[in-house]
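Everything below concerns the one structure shown next.
The values are calculated or read from the model by the stated rules, or taken from the named source; none is laboratory data. This is a predicted model, so every value here is computed, not measured. Positions of Cβ are generated from backbone atoms using ideal geometry, with glycine treated the same way; all protein chains shown enter the neighbour counts. These area figures cover heavy atoms from the full protein model, side chains too; ligands, DNA and RNA do not enter into them. Shrake-Rupley method; radii C 1.70, N 1.55, O 1.52, S 1.80 Å.
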Amino acid sequence: MAEDLRPGNRGRADRPRAAHGAGTAENPEPPPSDSIQQPPPSAPLPPPPGGLLWDITGEIRTLLTLPPALTLQVAHPAVAAGVDDYSVFRTDPWGRGERSLRSLQLWVYGGQAAAEEGRRLRRLHRTIQGTDAHGRPYHALMPEAYTWVHATGFPVMRHARQYLDRRPYTDAEERQLYAEWLQVGRILGIRDHDMPRTVEEFWPYYRAMLAEELELTTVAEELVAVDRPIPPPDRGPLTIRLTLRVLWPVLLPQFVRFRRFVTIGLMPPGAREAIGLPWTPVQERRLRRFGRVVRTVVPLLPERLRYFPLARRARAAQRAASAATGTGR
């Protein structure tokens, strides 16, 4: 769930740029090659068709898990600084969301395009550097920050499952999900020794990050705010866009409150406590009621409404290939 960052789109013009290592703010030198993520020697394959990610990544329920994962990512000061300096999430939130969602689906359904998407993201992040809110130099490809951005997806998917699906993951399914998420990490260029290798190794790493690194950064606070302006959606059919533009003054307050509710509620409890986001028993009961509606309605939808186009095409192609193999063609 990599942040959509674009060099040249700086969110805070007053923050000086600095290299991760030698150099000056005016003339930063590139960070040393051993301090950033390097791509794997050969292009990794995406998770296999029929796996857990194949079923969940391209489904509409994914939209509900993106806000908590993104907020958890930017609770890391280095990630927050990169987003604050370079992201277009303030000026183009809908385009940024669309690109992030497409990138996520390419990692799973893209076939050979998955590896190219990983390379594209590494190229995009190569020039993202500066200083964080504590005055520490950062580079987007530093292993700690780059790995954390990817790692957040696993605990959020695991936690959200208990609300949005009919049952939580079994131990075996949790291990499978983590193994598939590791494979996605390889596509993104995360080295094997930078990511915990098993679920058992993941949780101590995760708890240490919560305790030692995360905080309520300015960007994280902004992503759960209910008083920040958001432009009306600019994607979709013209009629819908025009209608939303007219109704947006009325819809915006409802939208930002719902976004905050889903972001905090579907974030694992330990994470929201570490960041300092409030959550009450009343909100928990509301979330469980909302989850019952989602897990009842979504499975009843036809595939053309339940899955996004890229995922739907990949799933249809896989079914066709399986049928052809089964008939000997």
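General observations
- In the stretch 41-70, residue surrounded by the fewest Cβ atoms within 10 Å (Cβ to Cβ) [restricted to those that are under 21 Å from PHE290 (Cα atoms) and among the hydroxyl-bearing types (Ser, Thr, Tyr)]: THR62
- Qualifying residue in the stretch 303-318 (condition: under 23 Å from SER103 (Cα atoms), of a type outside the set (Lys, Arg) and part of a loop (DSSP other than H, G, I, E, B)): yes
- First in the stretch 52-74 and charged (D, E, K, R), second anywhere and in a helix (DSSP H, G or I) and open to solvent by 30 Å² or more (accessible area, probe 1.4 Å), Cβ under 8 Å, 6 or more apart: GLU59/ARG306
- Considering (1) closer than 30 Å to PRO229 by Cβ; (2) at pLDDT below 95; (3) open to solvent by less than 20 Å² (accessible area, probe 1.4 Å), the lone condition that GLY153 does not fulfil carries the number (2).
- Test for ALA78: is it under 30 Å from GLY276 (Cβ atoms), assigned to a helix (DSSP H, G or I) and touching a residue at least 24 places away in the same chain (Cβ under 8 Å): yes
- The stretch 161-178, subset hydrophobic (A, V, I, L, M, F, W, C) and in contact with a Gly (Cβ under 9 Å, 6 or more places away or on another chain), residue farthest from PRO44 (Cα to Cα): LEU164
- Scan of the stretch 287-329 for residues that are in contact with a Ser or Thr (Cβ under 9 Å, 6 or more places away or on another chain) and among the small types (Gly, Ala, Ser), ordered by number: ALA311
- Test for ASP194: is it open to solvent by 10 Å² or more (accessible area, probe 1.4 Å) and within 25 Å of GLY265 (Cβ to Cβ): no
- Counted residues, the stretch 197-212 - those being open to solvent by less than 40 Å² (accessible area, probe 1.4 Å) and touching a helix residue (DSSP H, G or I) at 6+ places or on another chain (Cβ under 8 Å): 5
- Any pair with Cβ under 6 angstrom, 6 or more apart, that starts in the stretch 103-114 at a residue that is closer than 15 Å to ARG315 by Cα and ends at one that is of a type in the set (Phe, Trp, Tyr) and open to solvent by less than 10 Å² (accessible area, probe 1.4 Å): none
- Filtered by the rule that a residue be open to solvent by less than 40 Å² (accessible area, probe 1.4 Å) and either under 24 Å from THR57 (Cβ atoms) or over 24 Å from the mean Cα position of the chain (by Cα) (or both), the stretch 271-303 gives ALA271, ARG272, LEU287, GLY291, VAL294, VAL298.
- Selection count, the stretch 231-260, where residues are within 17 Å of ARG96 (Cβ to Cβ), basic (Lys, Arg) and exposed (fewer than 13 other Cβ atoms within 10 Å of the Cβ): 1
- Residue check for ARG166: in contact (Cβ under 8 Å) with a residue 60 or more places away in the chain and of a type in the set (Lys, Arg): yes
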